[in-house]
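Q: Structure provided below as C-alpha cells; questions to follow.
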C-alpha cells in the first residue's frame, strides 16, 4: 500500500512539473511573439520624426499658452473700473449734447 501512495505522489509531481514546463513554453512563445511585434512596430514608426513632431507641438502649445496669457491680461485690464468711468463720461457727454440740441430747438422753434 505504501508503494502505491509513493507512486501516486511521484505521478502527481511529474504531472505538476509537466504543467509548469507547458506554462513556461507558452510564456516563451508569447514573449517571442511580443518581441516580433515590437520589432515590426519599431520598423514602422520613425522615432526621430515623432520626436521632432512632439517638439514642434510643444513649441506651439507654449506659444498658445503665452498668447492666452496675454489675452487674459488684456481682458483683465479692460475689466477695470477705468472702462466704467470712461463709459460714464462718454454717456454724460452724449446726454449733454442731446440736452443742448433740445434747448436750441426749444429756443428757435422754426
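No lab work stands behind these numbers, since they all come straight from the coordinates. None of the values given here were measured: they were computed from a predicted structure.
Q: Consider all pairwise Cα distances in the range 29-97 and report the whole-number % of them above 20 Å.
A: Values: 1563 of 2346 pairs.
Within the range 29-97, distances greater than 20 Å cover 67 percent of Cα pairs.
Q: Add -39500 (n - 2.57) for each DSSP H run of 4 or more in the chain, then divide by its residues: what number comes out at 222 nm, to the nearest 500 deg cm²/dmol? Mind showing how you got there, number by number?
A: Working: 3 runs with 102 residues, N = 110.
The per-residue figure over the chain is -34000 deg cm²/dmol.
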